[in-house]
């Protein structure tokens, strides 16, 4: 990896981590796709703060893992572990958010 590749990965990891921390505070509900495009009637049926906190808990580890990916700069097995963890977190989040009643009022 070149220095510019590592800097790009670090920038993306910082962005993901900061967005995850903003969501963890419960204030970033306008950043959630689908929730910000709902009508006010439908949006009232969801607990935006709980949904933001949950997605922050998913996004923050992805950002930290991306930073580790830049630090390690290994192209072997770590790439597959990184892809597997990120994919598993994303699939879990999509299924849990859509199937759970936890985020509905």
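Applying 1/(1 + (r/R0)^6) with R0 = 30 Å to the Cβ-Cβ distance of residue 31 and residue 71 gives a FRET efficiency near 0.70.
Angle between the Cα long axis of helix 48-72 and the longest principal axis of the chain, 0 to 90 degrees, nearest 10? Tilt of helix 48-72: around 0 degrees. Going by the alpha-carbon gyration tensor, a ≥ b ≥ c the square roots of its eigenvalues, is segment 3-99 rounded (a/c under 1.5) or, if a/c is not under 1.5, prolate (a/b greater than b/c) versus oblate? Because a/c hits 1.5 or more and a/b exceeds b/c, segment 3-99 counts as prolate.
Within 10 Å of each residue's Cβ, count the other Cβ atoms and sort 29, 2 from fewest upward.
Working: 29 19, 2 8.
So the residues, fewest neighbours to most, are 2, 29.
Cβ-Cβ distance of residue 88 and residue 40, R₀ of 25 Å, FRET efficiency by 1/(1 + (r/R0)^6): the value works out to about 0.15. Which residue, 92, 54, 69, has the most motion in a Gaussian network model of the chain that connects Cα atoms within less than 10 Å? The residue that fluctuates most here is 92.
Compared with the dominant Cα axis of the chain, that is its longest principal axis, helix 3-24 is turned about 20°.
Taking the highest mean first, how do the peptides 7-16, 78-87, 36-45, 59-68 order by number of other beta carbon atoms within 10 angstrom per residue?
Working: 7-16: 14.8, 78-87: 12.5, 36-45: 9.7, 59-68: 17.9.
Per-residue Cβ counts within 10 Å, averaged per peptide and sorted highest first, yield 59-68, 7-16, 78-87, 36-45.
Read the figures in this text as sums done on the coordinates, not as results from a lab. Keep in mind that what you see is a predicted model, and the values were worked out from it rather than measured. In this analysis, Cβ positions are derived from the backbone assuming ideal geometry, glycine residues included, and neighbour counts consider all displayed protein chains.
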